[in-house]
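Before any comments, here is the structure.
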Amino acid sequence: MNQFTTCRYHALCELNHHIDVGPLLLAVGTVFFLSHEPAAAEQPKTLATYTVGATNMQGASIDAVAFSPDGKYLAFSVEGQVKIWNVALKEVGRTFVDHKGRTQSLAFSPDGKTLASGDTSGTVTLRDMRGRNARITLAANDGNVDKEGQRWEVASVAFSPDGKTVAAGSGCWSGGGSAGGVLGFNPRSTHGGEARLWDVTTGKVVGTVRHKYPVWSVAFAPNGKTVAFVGSLAPLPMEDTEIKFWDLTDKREQSSITTKEYTRYLTFSAEKTLASVGEKSVTLWDVGTKKAIKTVEIFTAGMAIAFTPNGKTLVLGSGLTVVVLDALTGKEKAKLSDPAIAKKSTGVQCLAFSPDGKMLAVGTGGYLLIWDSTKIMQ
């Protein structure tokens, strides 16, 4: 996943300002900060709008968004389609329809030449952005459907900092569920989840680590030597969450972190600091000692969250509104909404900042909005 974007996740209430946590990749829900008066809603400047209904896909929603590293393109998914938006021309330049399932995660390689997408068929697609066809398709698991009708779905994809490795987090859900719905997972399944890593050039598997629960998120350390992934069950009593680590140099599993907190998403904020987001808290971990540095309680609800590239501000999708908050204090700075869209949309699904922080992509049920976010960065 792009480090400045998440979809359907939850967020933090506050973070110690003495610790540089950077852009955090967070989990299901939106934070409600109770220590201040809410700001009045205002309408941001809309730079572009794309209507999903125009593609004869009424009722469809934007499930994932990701800006290219140069900020010239925005990839977004609509059901089983992945579309590439040309930021300068303000139009869709290409549409890829060769996915076998609903695309739930997108990530550009650091050089912008490859787009990774993970879908509900259990497939990761690596696409050469200089051509029209998929370059490599990768199976997130060797058996996507079992005799009980449980299917393997990809919930998260990420590139290593050098772009040589791509990782995917996946899990086995019951026939009627999906990675987007926590209750879709069958706790009686013996298949659980796994993190799988591939060599981007050859498509060969370079690492596989099994987990007893679906793997919701994968994150590479900034130095590119370690990848972390988290697997957990729906927030039920007495179920532990395990954060595992894979050494890319030695190609072996390292010691893990176990927590009672239901956790779905995580990211590295420094070489040895990992942030994990649970149902009720955000925790900063020392990866070397596997000890918690700081835990901050949160209150959850909502659908999406994204940090500005400088990590100082976060935006939260709550229903039809995007709330702008100070990432260090949790103070609400503004509420953004588009009244015209709000009358037709089903709510904010995902968010992503451009690399320079000047644009904010807002994926909703029925619309893609690109807002001017220069004021948010101030």
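The values are calculated or read from the model by the stated rules, or taken from the named source; none is laboratory data. Nothing here was measured: the structure is a model prediction, and the numbers come from that model. Note that each Cβ is placed from the backbone with ideal geometry, even for glycine, and that neighbours are counted across all protein chains shown.
Observations on the structure shown:
- Filter pass, V65 being under 18 Å from T51 (Cβ atoms), in contact (Cβ under 8 Å) with a residue 40 or more places away in the chain and crowded, with 19+ Cβ neighbours inside 10 Å: yes
- Among the criteria (1) within 21 Å of A275 (Cβ to Cβ); (2) modelled with pLDDT of 85 or more; (3) out of contact with any Ser or Thr (no Cβ under 6 Å at 6 or more places or on another chain), the one A352 does not fulfil is (3).
- Residue among V296, V323, V315 that alone is at pLDDT below 75 and either in a loop (DSSP other than H, G, I, E, B) or not small (G, A, S) (or both): V296
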